[in-house]
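Notes follow once the structure below has been shown.
The values are calculated or read from the model by the stated rules, or taken from the named source; none is laboratory data. Given the structure is predicted, the values throughout are model-derived calculations rather than measurements. Reconstructed Cβ throughout: ideal geometry from the backbone, glycine too, with neighbour counts over all protein chains shown.
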Amino acid sequence: MGFLKKHFSMYSHLPKEIYVLAFGKVMTSMGALIWPMLTLIMSEKLGLNGQTIGLYMMLFSLVMGPFYLLGGKLADKYNKKHIIVIFDLIGNSLYFVCAVLPMSMTTLYLLAIASLFQSMEQPAYDALIADLTTYRDRERAYSLNYLSMNLGLVLAPTIGGMLFNDYLSLSFFINGLADISSTLMLLIFIKNVKITDRDHKSMNEYEKGETGSIFKVFSERKLFFLLFVISGIAALIYNQFNFLMPLHMEEAFRGSGAFKFGILTSINAVVVVIGTPILTRKFSGVIDIRIMYLGQLLESLGLAFFIFVNHHFATAVAGIIIFTTGEIFGSISKTPYLTKRIPETHRGRVLSITTSCAGLIGVLSNYVIGTFIDYYTFRTVWIIIAVIGLFVMSLYSIYLRLDRKAYPGLYSK
């Protein structure tokens, strides 16, 4: 109890709306039985090969990108709470439709439509957290949001793996029920949020509101274009957690691949729940970009363990623990990094564009990775991922020096 009190006390004295959002995230994640199994649904239930799976994920990303950008624009123009609630209800209702339909390509298309609406709400969600906090509290707020998501995921993937073979329709129903309960909480307990003059006093010099288009914002922050490239390649590496890893588990552990991948995902969530408050507290005084660098290093190292998995599940467990530690560092630093460097009037659009670029490059690459799977061994593909990880680390080293020059005010405090 002393351990819990010491490390979780860092989340005290945040706005009450942040706790509502966090509890809602727990509810949503507790019901997230489908998305960790999406690759296996396409391969085992629909009979698609690696190249075709990569192609579908690439097409989903191409379609999703414009919708995500639209969500960012709407988040800057309209009430963020209303945007989240409306898109949530539309997207989540499709889970119930999937629950009563026989498994087919139609189910896959309905899931794609649901993901479009959920992607449109995400920029509003991320920007709402920034609106509710000062820049000094932002790391704690985003850390709590990330922790809450994974707290709900502790058992969800394992349960999803258990239901995968014979009760997949029940997973769809649970997913939809949990998401809608979270939406109703947000509707009832979150009030409308507006930026006031008092809030401006709690902003740093780089996030004061500006007039003009998003193109003007980016023209004055050209360093972000390098960040887009880095984020995209980093997304390629991270995406293998839900793309290459489950396929590898199924190949290495025939008949129990889905269950073992569910265990790995649950281990991922447990490590996040334990590690997030500890690492957030220990590294609270470290510059965001340095934490991002460390996170990328550990993610790449953890995935490199899968080069040696073969039929030894313990190696996969060790790899996922290291990978997850890196994921924690990335998650508690990336969004706070951005919100400290962009005007509050453009948060939704900048966050949506940044995420879209990362997602587009990452998922486009999955088509290539999927092709590799059909022609090379999993060991060879994991080696390729490790080499790409080394390249990203070199780009981060360059970016750190440039960021220090571009935002000296954030390094002097």
Next item on the list: Tell me which residues, restricted to the range 84-114, are crowded, with 16+ Cβ neighbours inside 10 Å, in contact (Cβ under 8 Å) with a residue 40 or more places away in the chain, more than 19 Å from Thr39 (Cα to Cα) and among the aromatic types (Phe, Trp, Tyr).
Entry: none
Check: So which of Arg401, Arg341 ends up being surrounded by fewer than 23 Cβ atoms within 10 Å (Cβ to Cβ), among the basic types (Lys, Arg) and either within 20 Å of the chain's Cα centre (by Cα) or not in a helix (DSSP H, G or I) (or both)?
Finding: Arg341
Next item on the list: Test Thr354 against the criterion of being out of contact with any strand residue (DSSP E or B) (no Cβ under 9 Å at 6 or more places or on another chain) and either touching a residue at least 40 places away in the same chain (Cβ under 8 Å) or not in a helix (DSSP H, G or I) (or both), and give yes or no.
Entry: yes
Checklist line | Single match in Val286, Val272 (criterion: under 30 Å from Arg341 (Cα atoms) and in contact with a Leu (Cβ under 7 Å, 6 or more places away or on another chain)) | finding: Val272
Notebook entry, point to check: Scanning for something of a type in the set (Val, Ile, Thr), crowded, with 19+ Cβ neighbours inside 10 Å, out of contact with any Lys or Arg (no Cβ under 7 Å at 6 or more places or on another chain) and under 30 Å from Phe259 (Cβ atoms), does the range 163-179 turn up at least one residue?
Noted result: yes
Note to self: Test of understanding: among Leu155, Leu163, Leu151, Leu170, which residue is at pLDDT 75 or above and closer than 17 Å to Val26 by Cβ?
What the structure shows: Leu151
Next item on the list: Please verify whether the range 345-357 includes one or more residues that are surrounded by fewer than 19 Cβ atoms within 10 Å (Cβ to Cβ) and over 16 Å from the mean Cα position of the chain (by Cα).
Entry: yes
Note to self: Taking the conditions exactly as written (within 25 Å of Arg347 (Cα to Cα), β-branched (Val, Ile, Thr), touching a residue at least 12 places away in the same chain (Cβ under 8 Å) and in a helix (DSSP H, G or I)), does Ile233 satisfy them or not?
What the structure shows: yes
Notebook entry, point to check: Would you say Ala130 is among the hydrophobic types (A, V, I, L, M, F, W, C) and at pLDDT 80 or above?
Noted result: no
Next item on the list: Could you please tell me which pairs satisfy a Cβ distance under 6 Å, a separation of 6+ or placement on different chains, a first residue in the range 245-258 that is closer than 16 Å to Gly302 by Cβ, and a second residue that is modelled with pLDDT of 85 or more and buried (at least 24 other Cβ atoms within 10 Å of the Cβ)?
Entry: Pro246/Phe261; Met249/Phe261
Next item on the list: Mind listing just one residue for me: the one in the range 298-323 that is touching a His at 6+ places or on another chain (Cβ under 9 Å) and assigned to a helix (DSSP H, G or I) and, of those, surrounded by the fewest Cβ atoms within 10 Å (Cβ to Cβ)?
Entry: Ala316
Check: Only one of Gly326, Gly370 is under 23 Å from Val392 (Cα atoms), surrounded by 21 or more Cβ atoms within 10 Å (Cβ to Cβ) and without any contact (Cβ under 8 Å) to a residue 60 or more places away in the chain; which?
Finding: Gly326
Next item on the list: Taking only the range 57-110 into account, find how many residues are in contact with a Phe, Trp or Tyr (Cβ under 6 Å, 6 or more places away or on another chain) and within 29 Å of Asn165 (Cβ to Cβ).
Entry: 5
Item checked: Options Ser143, Ser148: the member that is among the small types (Gly, Ala, Ser), within 13 Å of Val272 (Cβ to Cβ), assigned to a helix (DSSP H, G or I) and out of contact with any Ser or Thr (no Cβ under 6 Å at 6 or more places or on another chain) -> Ser148
Notebook entry, point to check: If Arg290 passes every condition in (1) touching a Phe, Trp or Tyr at 6+ places or on another chain (Cβ under 7 Å); (2) surrounded by fewer than 16 Cβ atoms within 10 Å (Cβ to Cβ) but one, which one does it miss?
Noted result: (1)
Notebook entry, point to check: Applying the selection to the range 327-338, what residues are in a helix (DSSP H, G or I) and touching a Phe, Trp or Tyr at 6+ places or on another chain (Cβ under 9 Å)?
Noted result: Glu327, Ile328, Phe329, Gly330, Ser331, Lys334, Thr335, Pro336, Leu338
Check: What number of residues in the range 236-290 are part of a helix (DSSP H, G or I) and either acidic (Asp, Glu) or farther than 23 Å from Val381 by Cβ (or both)?
Finding: 20
Note to self: Just to be sure I understand the filter: pairs with C-beta atoms under 7 Å, separated by 6 or more residues or on different chains, first member in the range 124-136 and within 16 Å of His13 (Cα to Cα), second member β-branched (Val, Ile, Thr) and modelled with pLDDT of 80 or more. Which pairs pass?
What the structure shows: Ile129/Ile18; Leu132/Ile18; Thr133/Ile18
